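So the structure is just underneath, and the comments pick up after that.
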Amino acid sequence: MDAKTDGRAAHAPRVEDDVLVRGNGRYAADVPLPQQAYGYFVRSPHAFACIVSIDVGAAQSAPGVLGVLTAADMAGVGSLARHPPLVGRGGKGLIVPHRPALAAERVMHIGEAVAMVVAENTVAAQDAAERVAVEYEPLTPVIDAREALAAGAPLVWPQAPGNLAIDWPGPAPDPEANARRIDDIFATAKYVARIAVMNQRMVVASMEPRGATASYDAATDSYTLRVCSQGTTAMRDPIAAILQIPKERLRVLTDDVGGAFGLKGGPYPEYIAQMIGAKKLGRPIHWMSGRSEAFLSDNQARDIHSEAELALDDKGRFLALRVRNTGNLGAYIGPVGANIPTLSFARCLPALYDIKHVDISARCAFTNTITTAPYRGAGRPEANYLLERVVEEAARVTGIEPAKLRRRNLIPKSAMPYKTAVGTTYDSGDFAPILDKALALADYGGIKKRRREAKKRGKYRGIGISCMLEHSGGTPLEGAWLTFPGDGTLTVNLNVQSTGQGHASVFPPLIAERLGIPRDKVQHRHGDSAFEIAGYASVGSRSAMTAGASIVKCIDLIVEKGKRIAAMVLEAAEGDIAYERGAFGVVGTDRRIALFDLAVHAADLKKHGAIEEDLDTKTTTETPLAFPNGVHVAEVELDPETGHMDIVAYTAVDDCGNTLNAMIVEGQLHGGLAQGLGQALMEQVFYDDTGQLVTGSFQDYSMPRAADMPADIRDALHNVRATTNPLGVKGVGEAGTTASIAAVMNAVADALPGAAGAHLDMPVTAAKLWEACQRAAARSAAGQT
């Protein structure tokens, strides 16, 4: 039984939105507890410094203050820095320095928490925090990853010589032999295209800042943490390990979440300090980040410098790809942070192209900056951006028209399943028709005419293609729990947290259709680690794949168990029982029992020991990766006199596998596009040489608005079912971001004359574009091309 995707079901409206748009959501700050106290954090004004002393006396005696916690109160607390194993060159593992909840001997980046003041209200806590006297001995920081790896750079961690966290040789079984083989290919190639690009550092800036309320029950020696998260299990398990307590003594709860994008996937120092404080002071402690505070305390993103070389033969066939990454991890190892410029990046290659030889390696550096961690895409946008920029450069070097060059090198459908040079296997895909559909929707053939018309108005016009492939799924294990509360309904309990993805709009209709019951009989619950559902967070476009697979398995088990129990109730042989349209029946007779009635019988039979299991069913599955893909085309027009640029049209054709809800697919694509445009056009974190955050507020850090979105967005699907999961889905959450930045930047390169935009880095602000236009004009006046 496959989920239907007819127009009515596929475009069903989201059920979550009515409550949220009416302001009736239940967010982290909306559940005050009795006797709740409020925390406020004292943060380092230095990027790198020794802590000489901390005097909390004046703060302790301030009005309304209940206590001040420092590192001395964190005895027995483990390191927050936790990372999956990652092996570097020579078998050397990733270096993971200790990350404290509150800094003890040194502060490693601007904004690191040094103390927590707890008071009767936030204002009192903030006022008292100004009375905490911390004496620092400043040290010389290092900010840029490439500078950190250079000889003589200030040393961030003594256990990481040269500030090198890991030298990752790539996924090849024998990296050195692979590199030598590819060197030989480059040595004899007719053409070599080279590009160096920077995926600049960014902040996540979710609509709801981070926050939590921590409480402690002395009677049971247990904690409760109500927190913004992307999955309560993914939050609980590492926090329990950090506190060195059994996970059964910690319950994590999450209600509505106002945006996450990777930011809220794992623990932060504030949560640990709150929990220790709640136990020490005997009061629940609530903390919500302020917006400026978020710039100083939230994990940041991207900050990867990449170099690529693409070898081609005389006909423009891609022969080999070589990639060298330098990733800035910040001061500490963030959740899966080192995986982003390494494994996550590599798994996107060679994308839609038939490149038989790939050599990728990465060096990850420690710096005195805020920790980097996942943000929408987490390696996928970075990889696609680099690859599509070097393909565009290859078109310029060879003189082959960009669309023609791409089409010539696409992996054919007949090659599926396709084993890549980095060890992944694309299970499905049909790339050529996607490219053709995107070019047709974008009226790619008419760009010359539109360019001439723009030139008459004194404007530059350009069009850019981005052929995108990403991997979705990541952590493969995920569970689901379907329960019958006995009131004629079924509840789907999930570990994955909806932070805007629309789980309540997708999963209940799926279950209702497969079981043949009314949609309103299925309820959705999530956000409670006490469900004890195995799995990970809502990251990497994995929820529909992984949780969906467990839901399908649950349904099959319910029907299987139901047949056995129905045979008992209907006094028939199990082989004569069939399930259809919400009821079990004896084949060839009118003897039937509805699913919900059988669930009541089953619960009673279990209660009296007649059966071991009722119809409540909990399962886990391990779901292999899937590979969403697509082709996006951006068309831009810019004014050389001012540098102002408009994205006049945007086209997206995507393969996200089987579509469960087309409205949500469209919304995810448009939301991802907005975040991709933010990176391409305006967003960038700046630190000065002393490690001070220059872009510490929205006065300095620009974010896209509705007016920055393309006025003309044309999108379509060309879906090929995934074979790696029973629903055939591939994921769509990161596609818009992954594809858009290269599409826009290639359009800019196409628009600017004389290859003036071929090597521009993001963000392409008006000032940067104006300067490029002036250089192009000067070169033209000098007779240079």
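The values are calculated or read from the model by the stated rules, or taken from the named source; none is laboratory data. Keep in mind the model is a prediction, meaning the values are calculated, not measured. Note that each Cβ is placed from the backbone with ideal geometry, even for glycine, and that neighbours are counted across all protein chains shown. Side chains included, ligands, DNA and RNA excluded: accessible areas come from the protein's heavy atoms. Shrake-Rupley method; radii C 1.70, N 1.55, O 1.52, S 1.80 Å.
All but one of (1) free of Cβ contacts under 8 Å to residues at least 40 places away in the same chain; (2) buried (at least 16 other Cβ atoms within 10 Å of the Cβ); (3) not aliphatic (A, V, I, L, M) hold for Arg201, so report the exception by its number.
(1)
Find the residue count for the range 45-72, including only residues that are over 37 Å from the mean Cα position of the chain (by Cα), part of a loop (DSSP other than H, G, I, E, B) and either buried (at least 18 other Cβ atoms within 10 Å of the Cβ) or among the polar types (S, T, N, Q) (or both).
3
Kindly establish whether Asp255 is touching a helix residue (DSSP H, G or I) at 6+ places or on another chain (Cβ under 7 Å), open to solvent by 20 Å² or more (accessible area, probe 1.4 Å) and either charged (D, E, K, R) or not in a loop (DSSP other than H, G, I, E, B) (or both).
No.
Residues to consider are Leu410, Leu441, Leu387, Leu405; find the one that is aliphatic (A, V, I, L, M) and under 23 Å from the mean Cα position of the chain (by Cα).
The unique qualifying residue is Leu387.
Have a look at Val15, Val65 and point out the one that is β-branched (Val, Ile, Thr) and modelled with pLDDT under 95.
Just one listed residue meets the conditions, Val15.
Return a yes/no flag: does the range 104-119 have any residue that is more than 30 Å from the chain's Cα centre (by Cα) and either part of a helix (DSSP H, G or I) or at positive phi (or both).
No - not one qualifying residue is present in the range 104-119.
Among all residue pairs at least 6 apart or on different chains, which show Cβ distances below 7 Å where the first residue, located in the range 140-164, is closer than 14 Å to Gly330 by Cα and touching a residue at least 60 places away in the same chain (Cβ under 8 Å) and the second is of a type in the set (Lys, Arg) and open to solvent by 50 Å² or more (accessible area, probe 1.4 Å)?
Within 7 Å, the pairs are Leu149/Arg363; Leu164/Arg363.
So which of Lys315, Lys356 ends up being over 30 Å from Gly754 (Cα atoms) and surrounded by fewer than 24 Cβ atoms within 10 Å (Cβ to Cβ)?
On inspection, the qualifying residue turns out to be Lys356.
Test Asn299 against the stated conditions and say whether it is free of Cβ contacts under 8 Å to residues at least 60 places away in the same chain and buried (at least 22 other Cβ atoms within 10 Å of the Cβ). Let's see the steps before the verdict.
Numbers: free of Cβ contacts under 8 Å to residues at least 60 places away in the same chain: no; buried (at least 22 other Cβ atoms within 10 Å of the Cβ): yes.
Considered against the rule, which asks whether it is free of Cβ contacts under 8 Å to residues at least 60 places away in the same chain and buried (at least 22 other Cβ atoms within 10 Å of the Cβ), Asn299 comes out as no.
For the range 689-732, which positions are assigned to a strand (DSSP E or B) and more than 30 Å from Ile110 (Cβ to Cβ)? Give the derivation first.
Narrowing the range 689-732 to residues assigned to a strand (DSSP E or B): 693, 713-717, 729.
Ile713, Arg714, Asp715, Ala716, Leu717, Val729 - these are the residues of the range 689-732 that are assigned to a strand (DSSP E or B) and more than 30 Å from Ile110 (Cβ to Cβ).
Does Glu641 meet the test of being open to solvent by 60 Å² or more (accessible area, probe 1.4 Å), touching a residue at least 24 places away in the same chain (Cβ under 8 Å) and out of contact with any Pro (no Cβ under 9 Å at 6 or more places or on another chain)?
Yes.
In the range 332-348, which residues are in contact (Cβ under 8 Å) with a residue 60 or more places away in the chain, crowded, with 24+ Cβ neighbours inside 10 Å and farther than 24 Å from Pro158 by Cα?
Ala346, Cys348
Filter the range 746-773 down to the residues that are polar (S, T, N, Q) and surrounded by fewer than 16 Cβ atoms within 10 Å (Cβ to Cβ) and list them by number. Spell out how you get there, then give the answer.
The initial filter retains those residues of the range 746-773 that are polar (S, T, N, Q), namely 746, 765.
Thr765 - this is the single residue of the range 746-773 that is polar (S, T, N, Q) and surrounded by fewer than 16 Cβ atoms within 10 Å (Cβ to Cβ).
With respect to the numbered conditions (1) open to solvent by 10 Å² or more (accessible area, probe 1.4 Å); (2) part of a loop (DSSP other than H, G, I, E, B), which one is the sole condition not fulfilled by Gly446?
(2)
Check Thr224 against each of (1) of a type in the set (Val, Ile, Thr); (2) buried (at least 19 other Cβ atoms within 10 Å of the Cβ); (3) in contact with a helix residue (DSSP H, G or I) (Cβ under 8 Å, 6 or more places away or on another chain) and name the one condition it does not meet.
For Thr224, the failing item is (3).
Just to verify a result, which residue in the range 269-288, among those that are surrounded by fewer than 21 Cβ atoms within 10 Å (Cβ to Cβ) and closer than 25 Å to His98 by Cβ, is nearest to the chain's Cα centre (by Cα)?
The selected residue is Lys279.
What are the residues in the range 566-600 that are within 17 Å of Ala512 (Cα to Cα) and either open to solvent by 50 Å² or more (accessible area, probe 1.4 Å) or outside any strand (DSSP E or B) (or both), if any?
Within the range 566-600, Glu580, Arg581, Gly582, Leu595, Phe596, Asp597, Leu598, Ala599 qualify.
Quick one: which of Glu388, Glu382 is crowded, with 24+ Cβ neighbours inside 10 Å, in contact with a Lys or Arg (Cβ under 7 Å, 6 or more places away or on another chain) and in a helix (DSSP H, G or I)? Before the answer, list the steps.
Details: Glu388 fails: in contact with a Lys or Arg (Cβ under 7 Å, 6 or more places away or on another chain).
When all the criteria are applied, what remains is Glu382.
How many residues are part of a loop (DSSP other than H, G, I, E, B) and touching a strand residue (DSSP E or B) at 6+ places or on another chain (Cβ under 9 Å) if we restrict to the range 81-99?
Count: 8.
Confirm whether Ala711 is without any contact (Cβ under 8 Å) to a residue 12 or more places away in the chain and either open to solvent by 50 Å² or more (accessible area, probe 1.4 Å) or in contact with a Ser or Thr (Cβ under 7 Å, 6 or more places away or on another chain) (or both).
No; evaluated as a whole, the condition is false for this residue.
Hey, any hits in the range 292-300 for a residue that's in a loop (DSSP other than H, G, I, E, B) and either closer than 28 Å to Ile340 by Cα or within 20 Å of the chain's Cα centre (by Cα) (or both)?
Start the filter on the range 292-300 by keeping residues that are in a loop (DSSP other than H, G, I, E, B), which leaves 298-299.
Checking which are either closer than 28 Å to Ile340 by Cα or within 20 Å of the chain's Cα centre (by Cα) (or both) leaves us with 298-299.
Yes, the range 292-300 has at least one match.
Checking the structure you have, find out if any residue of the range 205-218 is among the hydrophobic types (A, V, I, L, M, F, W, C), open to solvent by 30 Å² or more (accessible area, probe 1.4 Å), farther than 30 Å from Ala758 by Cα and part of a strand (DSSP E or B). Even if it seems obvious, please write down each step before you answer.
Let us first name the residues in the range 205-218 that are among the hydrophobic types (A, V, I, L, M, F, W, C), namely 205, 207, 212, 214, 218.
Subset that is open to solvent by 30 Å² or more (accessible area, probe 1.4 Å): 207, 218.
Filter once more, keeping what is farther than 30 Å from Ala758 by Cα: 207, 218.
Keeping just the survivors that are part of a strand (DSSP E or B) gives none.
No, the range 205-218 contains no residue that is among the hydrophobic types (A, V, I, L, M, F, W, C), open to solvent by 30 Å² or more (accessible area, probe 1.4 Å), farther than 30 Å from Ala758 by Cα and part of a strand (DSSP E or B).
If you go through the range 165-175 one residue at a time, do you hit one that is in a helix (DSSP H, G or I) and at pLDDT 95 or above?
At the first step, the residues of the range 165-175 found to be in a helix (DSSP H, G or I) are 175.
Cutting the leftovers down to at pLDDT 95 or above gives us none.
No, the range 165-175 has no match at all.
Considering only the range 533-548, I want to know if a residue exists there that is in a helix (DSSP H, G or I), open to solvent by less than 30 Å² (accessible area, probe 1.4 Å), farther than 30 Å from Arg380 by Cβ and in contact (Cβ under 8 Å) with a residue 24 or more places away in the chain.
no
Mind checking whether some residue in the range 223-235 is farther than 28 Å from Ala547 by Cα, at pLDDT 95 or above and part of a loop (DSSP other than H, G, I, E, B)? Full working, then the answer.
Looking only at the range 223-235, we keep the residues that are farther than 28 Å from Ala547 by Cα, and these are none.
Scanning the range 223-235 turns up no residue that is farther than 28 Å from Ala547 by Cα, at pLDDT 95 or above and part of a loop (DSSP other than H, G, I, E, B).
Any idea which of (1) under 25 Å from the mean Cα position of the chain (by Cα); (2) in contact (Cβ under 8 Å) with a residue 60 or more places away in the chain is the one Ala128 doesn't satisfy?
Among (1) under 25 Å from the mean Cα position of the chain (by Cα); (2) in contact (Cβ under 8 Å) with a residue 60 or more places away in the chain, the lone unmet condition for Ala128 is (1).
Hey, can you tell me all the residues within the range 618-657 that are of a type in the set (Asp, Glu) and assigned to a strand (DSSP E or B)?
Across the range 618-657, the qualifying residues are Glu622, Glu635, Glu637, Asp646, Asp654, Asp655.
Taking the range 110-142 as the region of interest, how many residues are open to solvent by 20 Å² or more (accessible area, probe 1.4 Å) and in contact with an Asp or Glu (Cβ under 7 Å, 6 or more places away or on another chain)?
Matching residues across the range 110-142 total 1.
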